[in-house]
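Below is one structure, written out as structure tokens, with a few remarks after it.
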Amino acid sequence: MMNKSPTLQSNTSAYYTLVILTLVYSFNFIDRQLLAILQESIKADLGLKDAHLGLLTGFAFAAFYVTAGIPIARWADWSNRRNIVALAVFTWSFMTSISGLAQNYIQLLLARIGVGVGEAGGSPPSHSIISDYFPPQKRATAMGFYSTGVNIGILFGFLLGGWLNEFFGWRLAFIVVGIPGILLAVVVRFTVAEPPRQRTPADKTKGEPLRTVLAVLWSRKSFRFMAAAAALNAFAGYAIANWTASFMIRSHGMETGELGTWLALILGVAGAIGVLSGGYLSDRFGKTDARWYVWLPLIFLLISAPLSGLAFSVDSPYLALSLLILPGTFLNAYLGNVIAVTHGLVGQNMRATASAILFFILNIIGLGLGPWSVGLLSDFLYPTLGDASLGVALTSIVPSAMLVAAFGFYYASHYLKMDLQLAETSSL
């Protein structure tokens with residue numbers, strides 16, 4: 001029997017790894033998004049305010065997520081990335097299950113911090129592995145496929161969380177959802193191959209110093225605007241993902257089971273289509289003009305901003321959900337593009353650290369401040385508006401963030417071609 005060619009073996013390993021890492025990223029967001037559909041039940045059970053919930057899903061989680069992310073990424077730039085991902089999956093899945101045992105706000109906050117620290121070890125090593133498996137002309141498509149993990153995770157987080165909460169309560173939902181991730185950690189450790197790094201002998205023991213990576217990224221003007229735009233895009237996206245369920249329950253009286261199904265379809269299925277299409281279209285159009293990698297998210301934001309503003313203003317629950325379909329499709333389409341471009345702006349032995357720096361900016365502003373700012377404004381308006389305060393907070397904050405993000409992508413396009421050419425000729 002003839003042996004498979006090295007190319008076929010390499011392609012098989014690359015696509016298998018991409019699928020498994022996408023599954024890992026899905027569990028990352030299942031565990032993260034679960035809290036959004038459960039938070040009204042948690043709020044009632046533990047006697048919390050919106051600011052408490054915003055802190056749980058936002059800044060408290062994000063602060064530890066991004067703080068741990070950079071040292072873990074530095075570790076991944078010289079160590080075995082596959083093992084780091086496996087350890088990360090185990091950690092955040094275990095802490096998700098522990099969340100179901102929390103008896104008060106502090107215990108739940110500590111458990112969510114543990115989830116954040118675990119999840120910090122997932123994406124930067126995964127990004128680096130994928131970039132070693134796929135060439136630049138296929139990288140945005142690969143990163144787009146990987147980024148569908150966000151939407152797959154949202155889909156199952158809302159779907160499982162909504163129905164488990166309705167029939168069994170929020171505590172069991174956390175426990176049930178956390179256990180499969182522990183098993184996935186074993187699959188990653190024993191079936192995913194660590195790809196070789198194509199480096200010079202001097203670079204094999206460790207990556208570039210952090211200050212060097214920071215200096216290179218700062219020197220790329222396109223990265224400055226793109227990272228700011230991505231952060232504001234994430235700000236709007238996380239605000240919608242974390243507060244839409246609460247808004248629909250308070251303003252329209254929906255039950256978590258039906259609502260979870262709707263949000264799974266809108267933010268999960270439609271969102272996955274948007275992310276995958278965004279990466280594919282950008283790679284296709286980017287062959288002739290690299291600026292399509294930032295032009296496409298810009299167009300999507302201009303479409304999404306007015307629709308999201310209307311969604312949180314109308315009286316009909318089903319009209320509100322229908323208006324969210326296009327924003328739900330488009331809002332995460334930037335992610336694969338931004339990761340791919342960032343990797344194109346730096347050397348190969350900087351990629352995991354560059355991803356961590358990007359995600360630091362994206363998550364401290366997007367994940368950290370998006371949900372929290374909506375919660376704070378909702379609490380401030382509550383004495384005057386009652387349950388309507390959350391809708392007004394979302395309408396005030398989300399469309400504005402989208403429009404400013406669109407300007408950021410526009411300005412990034414002015415410098416992108418020049419910066420990518422500079423990166424190709426640079427020794428770093």
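All of the numbers you see were taken from the coordinates with simple rules; none came from a lab. All of these numbers come straight from a predicted model, not from anything done at the bench. No Cβ is skipped: glycine too gets one built from the backbone with ideal geometry, and neighbour counts run over all protein chains shown.
Round to the nearest 10 and give me the degree value, 0 to 90, for the angle of helix 6-46's Cα axis relative to the longest principal axis of the chain. The angle comes out at about 20 degrees.
Counted by Cβ distance under 13 Å from residue 162, the other residues give a net charge of -4, where Lys and Arg count +1 and Asp and Glu count -1. Please list, by residue number, everything in the range 86-123 whose backbone N is under 14 Å from a paramagnetic label point 7 Å out along Cα→Cβ of residue 175. Only 96-103 pass the distance filter. When the helices of the chain are scored as -39500 (n - 2.57) per DSSP H run of n ≥ 4 and the total is divided over every residue, the value at 222 nm lands at -27000 deg cm²/dmol. Taking the longest Cα principal axis of the chain as reference, the axis of helix 271-286 is set at about 30 degrees. Build a GNM of the chain with springs between Cα atoms under 10 Å apart, and of 193, 88, 311 the one that fluctuates most is 193.
Counting other Cβ atoms within 10 Å as a rough exposure proxy, the listed residues 159, 48 run 48, 159 from fewest neighbours to most.
Cross-link partners for residue 287 among the aspartates and glutamates, with Cα-Cα distance under 18 Å and sequence neighbours closer than 8 places in the same chain left out: 419, 424.
Summarising the label geometry, the points placed 7 Å from Cα in the beta-carbon direction at residue 302 and residue 418 lie 2.3 nm from one another. Relative to the longest principal axis of the Cα atoms of the chain, the long axis of helix 292-311 lies at roughly 0 degrees. If each residue of separation counts as 0.36 nm, what is the full-extension length gain between residue 110 and residue 43 once their alpha-carbon separation is subtracted? Using 0.36 nm per residue and subtracting the Cα-Cα distance, I get 22.5 nm.
Averaging sequence separations of C-alpha pairs under 8 Å and six or more residues apart, then dividing by the length of the chain, give the relative contact order as a whole percent.
Result for the chain is 27 percent.
If you take the Cα centroid of the range 369-412 and the Cα centroid of the range 33-58, the two points sit 17 Å apart.
Here the chain was treated as a single set of alpha-carbon atoms; its pair distances binned every 10 Å from 0 give 5, 23, 34, 25, 10, 2, 0, 0 percent. The slack between residue 318 and residue 101, meaning 0.36 nm per residue of separation minus the straight C-alpha distance, is 74.6 nm.
Each other residue within a Cβ distance under 13 Å of residue 141 adds +1 if Lys or Arg and -1 if Asp or Glu, for a net charge of +3.
Run the numbers for residue 388 and residue 19: contour at 0.36 nm per residue of separation, minus the present Cα-Cα distance, in nm.
Residue separation times 0.36 nm, minus the Cα-Cα distance, leaves 128.7 nm.
Running Debye on the range 19-169 with equal point scatterers at the Cα sites and no solvent, what base-10 log of I(q)/I(0) appears at q = 0.10, 0.14, 0.16, 0.20 Å⁻¹? Log10 of I(q)/I(0), two decimals: -0.37, -0.69, -0.87, -1.23. 3J(HN,Hα) along the range 157-166: x, 5, 5, 5, x, x, 6, 4, 5, 5 Hz, from the Karplus curve 6.51 cos²θ - 1.76 cosθ + 1.60 with θ = phi - 60°, whole Hz, x for Gly and Pro.
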